[in-house]
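The values are calculated or read from the model by the stated rules, or taken from the named source; none is laboratory data. Everything quoted here is computed from the prediction, not taken from an experiment. A quick note on method: Cβ atoms are made from the backbone with ideal geometry, for glycine too, and the neighbour counts reach across all protein chains shown.
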Amino acid sequence: MSAPQPLPTLEITALEKRFGDTQVLRSIDLKVANGELVFVIGPSGSGKSTMLRCCNRLEEPTSGAIHVNGKPMLGITRRDLDRMRLQVGMVFQGFFLYPHLSVLKNVTLAQRKALKRPAAEADARALEMLDKVGLKHKASAMPGELSGGQQQRVAIARALALDPKVMLFDEPTSALDPELVGSVLKVMRDLREGGMTMIVVSHEMQFAREAADRVVFMDGGVIVEQGTPSEIFGNPRSERLRAFLSRVSGEAA
Amino acid sequence: MDFGNVFLNPDIIATYMPQMIRAVWVTIWISVLVVISGLALGAFLAGLRAYQKRWLAWPIVLFADLMRALPPLVLMLILFFGLPSLGVILSDWFVLYLVLTLVLAAFVEEIFWATLTSLPRGQWEAGAATGLSFNQVLVNVIFPQAVRTNIPQLVNRSLTISKMTAYGSVIGVKEIVSVAGSAQAFSGSATPLTMAAIAYLIIFFPAMLLSRYVENRFQYDH
């Protein structure tokens, strides 16, 4: 008798996405285990952001299946989708904090309205999460008063406060000034050490080398190659990955 | 015939002051009712339109275009002098209230709709990604931002529509212009008209100061 396979935290099966005549994703299969950090790289237009956005259905898949802890994300009512989305935290390239609400209220809004947490509990949880990203002292500030890096860390706290099972990062540092990138990556590293399951779409190759369990290379809407960081960066098998890596390192130099 | 006697005759002022004070109140409470219900109805219609259902959007767009195209006075005359022929009799103040509310709602709907569609899509997505329902995003994320961005426009529209209560004079509402007009006809003096102008200033100057305060109060950095 073989040991039962542990349930993947996130499972993408035969995912397809078409925009009109353009096929953006074709037959994507990806399993992310509990506590795993999967890093997705690829040229722009490769479909990596679209794949990520399909995971919480900000983008509607054309076909395929997505499961979070064994529960389907597709073919469910909007009400069930809202509930499932609580388990999938998302961090955007553009932060998208609510500019009319204080930092604290940004982090408590969904806790109160979607999770129905009492105000005091939501506040306590928010402060705990803000502390985790090093911004407890900014709780009463307005988003407009924060730097980009700080805003992104608040956005991470906003997602974490809902106790998600998996966190999606969609180019979380691409809109940041270089000197602010480090603070966001540090928070992500802490999260990983805390055992959070994460999928990260990013161009921070150095971070991928250090922190990723697995690196997935996408091009033309398919997963071309995947493996450990040392396999992907040290020993790329496909021509497309080699070309991509040399382009990227060319830019970095 | 000196200037003061024509435009500010003390005897005429004393005679018509009580009527004028009542007229000021009529203007104020109709204006307040119109602004409250017009803003609420306009916001509600924009919210409905956000659901992007054709059968909802179509009538709303038609309503907004009609109400913005037709002069309010025409609508009032039709409702007040036309409808009784069909056996529907509406009181003068109600016709004034109804027409101005609908016109304000039409403009407010368009103002809100423009903002709802121009806010970054990420605001909707950030809300949805945290498990908020469409309604919750609309109420807690989108509308508060739309209100803040549009306060100057909303205030301007509200002041403009309040001054349109003067149209009530045509259908017999005893508001400021109506009372001043008949007083002028009875007395043959221009003084009641001066009183009307001053009455409007007394009402709308504080309203404008208040609106400045509100505009500053709700500004925020992006």
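Residue by residue, here is whether (1) surrounded by fewer than 24 Cβ atoms within 10 Å (Cβ to Cβ); (2) closer than 28 Å to B:Arg217 by Cβ holds:
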{"residue": "A:Val107", "(1), (2)": "no, yes"}
{"residue": "A:Leu115", "(1), (2)": "yes, no"}
{"residue": "A:Arg125", "(1), (2)": "yes, no"}
{"residue": "A:Gly134", "(1), (2)": "yes, no"}
{"residue": "A:His137", "(1), (2)": "yes, yes"}
{"residue": "A:Gly148", "(1), (2)": "yes, yes"}
{"residue": "A:Val154", "(1), (2)": "no, yes"}
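Considered as a group, the residues in region B:176-222 that are in contact with a Leu (Cβ under 8 Å, 6 or more places away or on another chain) and buried (at least 18 other Cβ atoms within 10 Å of the Cβ) include one that is nearest to the other protein chains (Cβ to nearest Cβ), and that residue is B:Ser211. Residues that are at pLDDT 95 or above and surrounded by fewer than 19 Cβ atoms within 10 Å (Cβ to Cβ) within region A:191-212 are absent altogether.
A single member of A:Arg240, A:Arg192, A:Arg214 is out of contact with any His (no Cβ under 6 Å at 6 or more places or on another chain) and farther than 19 Å from A:Ile28 by Cα, and it is A:Arg192. Selection within region B:113-141: residues that are buried (at least 21 other Cβ atoms within 10 Å of the Cβ) and among the β-branched types (Val, Ile, Thr). The member of this set that is farthest from the other protein chains (Cβ to nearest Cβ) is B:Val137. Looking at (1) hydroxyl-bearing (Ser, Thr, Tyr); (2) farther than 22 Å from B:Met20 by Cα; (3) at pLDDT 90 or above, which one does B:Tyr220 not meet, given that it meets all the others? Only one criterion in (1) hydroxyl-bearing (Ser, Thr, Tyr); (2) farther than 22 Å from B:Met20 by Cα; (3) at pLDDT 90 or above is unmet by B:Tyr220, namely (3). Within the set B:Ser211, B:Ser189, B:Ser182, the sole residue that is under 17 Å from the mean Cα position of the chain (by Cα) and small (Gly, Ala, Ser) turns out to be B:Ser211. Counting the residues of region A:92-112 that are farther than 15 Å from B:Gln123 by Cβ and either at the interface with chain B (Cβ under 9 Å from one of its Cβ atoms) or touching a His at 6+ places or on another chain (Cβ under 7 Å) (or both) gives 1. Elements of the type helices (runs of 4 or more DSSP H) sitting completely within region B:97-200 and holding at least 2 residues that are touching a residue at least 40 places away in the same chain (Cβ under 8 Å) and farther than 20 Å from B:Val74 by Cα: these cover B:143-163, B:176-187.
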